[in-house]
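Encoded as structure tokens, the structure appears first; notes follow it.
What follows draws every value from the coordinates through simple rules; no lab data is involved. Values in this document were obtained by computation on a predicted structure and should not be read as measured data. Counting neighbours? That spans all protein chains shown, and the Cβs are built from the backbone with ideal geometry, glycine included.
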Amino acid sequence: MLGKRSIKTTAKQQGIRLAVSMMDLTTLEGADTPGKVRHLCAKAVCPAPTMPEIPSCAAVCVYPSLIGVVREGLEGTGVKAASVATAFPSGQASLEVKLRDTEEAVAAGAEEIDMVISREAFLAGDDTRVMEEIVRVKEACGDAHLKVIIETAELGSYDHVRHASMISMEAGADFIKTSTGKASSGATPGVTLVMLEAVRDYMERTGRPVGMKAAGGVSTSKAALHRLVLVKETLGDEWLTPERFRIGASSLLNDLLMQYQKTQSGHYARPEDFSKE
Amino acid sequence: MTGRLPVRKTYKLYVGGAFVRSESGRYDGSRGFNVPRGSRKDVRDAVKAARSASGPWAARTAYNRGQILYRCAEALESRAVDFAVDRPEIDASIDVLVHYAGWTDKLQPVMGGINPVAAPFLSFSLPEPTGVVGVVAPDSPALLGLVAELAPALAAGNTAVCLLSGDHPLPGLDLAEVLGIADVPGGVVNLLSGRRAELAPVLAAHHALNAIVDVSEDAALGAEIDRLASESVTRVRHSGPATSYDEAVRDPLSRLEAVTELKTAWHPVGA
Amino acid sequence: MTGTRTQVVWDYAPAPESPDHVRLRDSYGLFIGGEFRDPVDGERVPTINPATEESVAEIAFAGPQDVRAAVEAARAAQPRWAGLSGLERGKYLFRVARLIQERARELAVVESMDGGKPVRESRDVDVPLAAAHFFHYAGWADKLSYGVGGREVAPLGVAAQIVPWNFPLLMAAWKLAPALACGNTAVLKPAETTPLTALLLAEICQEAELPEGVVSIIPGDGSTGATLVRDPDIDKVAFTGSTSVGKDIQAALAGRGVSLTLELGGKSANVVFEDAALDQAVEGIVNGIFFNQGHVCCAGSRLLIQESVADVVVGKLWERMGRLRVGDPLDKNTDVGAINSREQLERIEELVDAGEGEGAQRRTVACELPDRGFWYAPTIFTEVAPAHRIAVEEIFGPVVSVLTFRTQAEAIDKANNSAYGLAAGIWTDKGAKAFEVASALQAGVVWQNTYNHFDPSAAFGGYKESGFGREGGPAGLRPYLRIA
């Protein structure tokens, strides 16, 4: 039923602006350089100079080596500097290496850390080790907020998605996140819903609100608005804020801008109407 | 003012949803056209395409496959004038496609069922597609003889690699163009022209083939196909060509059975 | 960021399905002998949109002479229709299926305008299933013996078919497709309040070049139906509707040797065990009773919850009900549409009042309802006793009655403790339990960990006073054949 909601006109415009404000604009490529990252920061702060009512994104997300550049680029803007850590994306490294990775990112200025759970431990049934790692990384974060990526594509079932979500929240995650964006699938409607329900049930049980980030595979405005519908109808309007919900994406932003432009002019836009970075 | 020069057709093989020349570059003549002479590598490529397409094709609903087969009938009806084949043979071919379009979601209740096992279990047996089916098409009737074997194979959820008649390949190659516009996913049907004596053994010996339907009416070739198929326990059916609509649909279950597997599953019933 | 955050409120804007492309005539006659004719002794009446109370088009009710004429036309056409090969009959039905698909959007909008159901449902369920039903039975037409264990078959002759207002087009498809595939001709009487999509189906039959007289479509009220089943020259009656009218029809056919199939009411039990996936069960409960405003013969109107999880499930259900959107059927975001008629609304209100009077606890979702039109907000009754009227009688509205049970055996007992036996739902993560309970339930359709799924290949029909005979699959052929 929720998959069939039709978002039009004013609701669509408001939804697009909300989606932009919740975006963690991301680049995680081997070929990333300071120049590219600086451009991305400018884009995150002001996505569309011709449409000033479009808000800034929530954060810029990069590898630890580029966080310094991000902090400079976002100085005084309110957009957060987020870094992946813990041997992203595979997480196949010792705990010591993962903690060091986290500490360096924080020292370089990361305000948000996106870690990966140890799927190797999870799939072997070792919940204790999964949770212990999260607890230690959270300590290493200091004041930075921690998002825990459960990598839904590798977990195999909705039951596993729910379970991984629960133990991550119990171990102290500030946000739970679907994917690294490097696996075969990301924030499908199904896993997004399961994770939102887990957040809701955890909230009901403990009173602590944990945020949720849908990353990977959300590349069209329609998909983004659909995720917002899921948030609204599972958790309520109070969760429609960057403090509680984020979308991790890169090419989505321009699709949102093109759709927004169409709602204003009535005509279809083209990719060249907006800068790629 | 001279008459207008018509643009001549280039006949090509149909493999993986695309129209391709033989990788060998060879050709034979037929009715004034140069027709690709398929090679063992073309057979290899076709089987690969058919294998790749078989998972997704089998995963579609029976209803969807039925609609696609019906659309093949729609397409053949609208392109009938393009075929150098007698109208009754084309009409029969169209009707065969319609008949088998209606089998896709009927095979399971007719060929499968619940097994009344003498223990507290729900046990059921379901027909499933065997996978990739090879068809050695007859010389005559060139179109109907081919469609009468292709339609049941597809209806049962299989993908197909067909070796067209060496003497009369054009109706099969024209059929490829019809399938190309009928929503048939790439790789589900592959049609190769060439010399049967050269290609049939290659096809029969291919380990990735699950079943082969031989309508060549060539006893020696048939025996060779049997022998080569045994290498990978490929299922074999030999048959004479259907020469009319009634013959093509007289015993549909035999055609369908030859290209399906039966899976039986058990689940306990109880607290 | 400091200071209080302003509360975001994201409301859905109206998302109307435009009726602009729909072309309805101002007035429709009766479809008899392949053409639309003026009624001879029937009257012309408006058919109204229950969401607005406005007239959508003028239609004709068939009078007794019109009914006679339709049966005569059907009889005249039958030998030639049966004489066609199965392949040829099938090809006509394939044409109808394809035409329904081509005109799908128009049919969906008209269905919602005439009957009140959300356009999302008519678009995604009713119309596609109607096309699929014709497609499926088209493929049986030349394979009939395979569907009945290899026996030689012949058609019955002329089938009189009466369909209800809750799935007008779909029920027409469920009746016509198998009847025609088997070589019968048909006279179909659509429901009093919802004749339009059947009349559009008549146009589709014309477009498909269906031979004259093979199908007649004669709207009318209860008296038209009563006249039709008493016609001396019919061979078969197929009725979907209320149990009380079904009993009348069965009595009226006494001693006549006319074949009969009935698809009647239900008070189906939706059973939630403690080991069910509860969030999914709640979605299934909502789908089971609020889909189509609860105007569904197989609606899961009795919710049986294992006591250990009853409070949790009711809590989640109530919360979910609060997010259902009641309103304009033509808005694509509407979940619950209009009640089909004033009469039906009054019946719902009467039974709900009775429920409160009996001592059950009622909660109704607070939502703004439009001034015009017939509406009822989703309602849940708890503290329901098995003997209460709201646990026994079919309400046919968006009202669910909750009862509890302790053990599997008790659940089965309670579920079976009904004169009805149409459908049931079972929610449990344990496969073995699901199959064991399924075999113990006296219901013609059992849904495990889902609800309200239909397919032309899956037989549907009831036990006990929910009727007899099946629609769908090879079992759906049998009621339209004579074993030769």
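Proximity of backbone amide H atoms, modeled 1.01 Å from N, is registered between C:D331 and C:E17, C:V119 at under 5 Å, excluding neighbours fewer than 5 places apart on the same chain. Karplus-based coupling profile of segment C:156-172, in residue order and whole Hz: 7, x, 9, 9, 9, 10, 10, 10, x, 9, 8, 9, x, 5, 5, 5, 4, with θ = phi - 60° in 6.51 cos²θ - 1.76 cosθ + 1.60 and x standing for Gly or Pro.
You can think of it this way: the chain between C:D124 and C:L84 has 11.0 nm of extra reach, that is 0.36 nm per residue less the Cα-Cα gap.
Taking the Cβ-Cβ separation of A:R270 and A:S94 as r and a Förster radius of 56 Å, what is the calculated FRET efficiency to the nearest 0.05? Efficiency computed from Cβ-Cβ geometry: 0.70. Of the beta bridges in the protein assembly as shown, as assigned by DSSP with both residues counted there, near 35 percent are antiparallel. Counting Cβ atoms of other protein chains within 10 Å of each residue's Cβ and taking the mean over peptide B:95-105 gives 5. Remark: segment C:269-448 projects, on average over all directions, an area of 9.8 nm² (convex hull of Cα atoms). Taken along the Cα-to-beta-carbon direction at a fixed 7 Å, the label points for C:R389 and A:T206 span 5.0 nm. Projecting label points 7 angstrom from Cα along Cα→Cβ for A:T263 and B:D251 puts them 6.6 nm apart. The packing ranking of peptides C:45-51, C:252-258, B:83-89, highest mean first, is C:45-51, B:83-89, C:252-258, where packing means the average number of other beta carbon atoms within 10 angstrom of each residue. Every Cα-Cα pair of segment B:13-268 was included, and the share exceeding 27 Å stands at 32 percent.
The C-alpha atoms of chain C define a longest principal axis, and helix C:127-138 lies at about 40 degrees to it.
Only one residue of C:A252, C:A475, A:A269 has its Cα farthest out toward the positive end of the dipole of the protein assembly as shown, where Lys and Arg carry +1 and Asp and Glu -1 on Cβ, and that residue is A:A269. Stretched out straight at 0.36 nm per residue, the stretch from C:R323 to C:N416 would grow longer than its current Cα-Cα span by 30.3 nm.
Taking each pair of different alpha-carbon atoms in chain C once, compute 1/r for the pair, average those values, and report the inverse of that mean as the Kirkwood hydrodynamic radius in Å to one decimal. Kirkwood radius, chain C: 23.0 Å. Charged side chains reduced to their Cβ positions (Lys and Arg at +1, Asp and Glu at -1) give segment C:269-448 a dipole of some 260 debye around its Cα centre. Each residue of segment B:173-181 is assigned a 3J(HN,Hα), and the resulting list reads 6, 5, 4, 4, 5, 5, 5, x, 9 Hz, derived from the Karplus form 6.51 cos²θ - 1.76 cosθ + 1.60 (θ = phi - 60°), x at Gly and Pro. Straight-line cross-link reach from A:K4 at under 27 Å between alpha-carbon atoms covers these lysines, not counting any fewer than eight positions away in the same chain: A:K12, A:K177, A:K213, A:K222, A:K232, A:K262, C:K117, C:K316, C:K332.
Close amide H contacts of C:L260 (hydrogens built in the peptide plane, cut-off under 5 Å, sequence separation of 5 or more or a different chain): C:V237. Stretching C:L369 away from C:R406 to a fully extended chain increases their span by 9.5 nm, per 0.36 nm per residue minus the current alpha-carbon distance. For B:V269, the amide hydrogen comes within under 5 Å of the amide hydrogens of B:F121, B:L122, counting only partners 5 or more places away or on other chains and with H modelled in the peptide plane. For segment C:62-103, rounded, prolate or oblate, judged on the Cα gyration tensor with a ≥ b ≥ c (square roots of eigenvalues), a/c < 1.5 rounded, else prolate if a/b > b/c? Oblate is the answer for segment C:62-103, as a/c is 1.5 or above yet b/c matches or exceeds a/b.
A convex hull fitted around the alpha carbon atoms of the protein assembly as shown yields 224 Å³ per residue.
Applied to segment A:58-68, the Karplus parametrisation 6.51 cos²θ - 1.76 cosθ + 1.60 on θ = phi - 60° returns per-residue 3J(HN,Hα) values of 7, 7, 10, 10, 9, 6, x, 5, 10, 4, x Hz, with x for Gly and Pro. The order of A:C141, A:C46, C:C297, going from fewest to most other C-beta atoms within 10 Å of their C-beta, is A:C46, A:C141, C:C297. When the helix-only estimate is applied to chain B (DSSP H runs of n ≥ 4, each -39,500 (n - 2.57), divided by the residue count), what is the mean residue ellipticity at 222 nm, nearest 500 deg cm²/dmol? Theoretical 222 nm ellipticity from helices: -13000 deg cm²/dmol. Using the Cβ-Cβ distance between B:T10 and B:R79 with R0 set to 25 Å, the FRET efficiency from 1/(1 + (r/R0)^6) comes to roughly 0.90. In this calculation the C-beta distance from B:W266 to C:A484 is compared with R0 = 30 Å, giving a FRET efficiency of 0.20. Going by neighbour counts of Cβ atoms within 10 Å, the residues B:V215, C:V336 line up, fewest first, as B:V215, C:V336.
Basic side chains Lys and Arg get +1 at the Cβ, acidic Asp and Glu get -1 at the Cβ, and with that the dipole of chain C about its Cα centre reaches some 1340 debye. For a straight C-alpha distance cut-off of 27 angstrom, the lysines reachable from C:K143 (same-chain residues fewer than eight places away being disregarded) are B:K106, B:K263, C:K91, C:K175, C:K236. Here the ratio of the Cα radius of gyration of chain A to 2.2 N^0.38 Å is 0.96. Neighbours of C:V258 by Cβ distance under 13 Å: Lys/Arg scored +1, Asp/Glu scored -1, total +1.
Here the sum of -39500 (n - 2.57) over DSSP H runs of 4 or more residues, divided by the residues of chain C, equals -11000 deg cm²/dmol at 222 nm, to the nearest 500.
Relative to the dominant Cα principal axis of chain B, helix B:62-79 is inclined by about 20°. Shielding value for C:131-144 is 4, the average number of Cβ atoms from other chains within 10 Å of each residue's Cβ.
Each of C:T52, A:T26, A:T206 was scored by other Cβ atoms within 10 Å of its Cβ. Listed from fewest to most, they are A:T206, C:T52, A:T26. Inter-label distance, B:T2 to B:H207: 5.7 nm, where each label sits 7 Å from its Cα along the C-beta direction. Across peptide B:62-72, the average count of Cβ atoms from other chains found within 10 Å of a residue's Cβ is 3. Listed by chain and number, the lysines placed with their C-alpha closer than 21 angstrom to that of C:K433 are C:K414; residues fewer than eight positions away on the same chain are left out.
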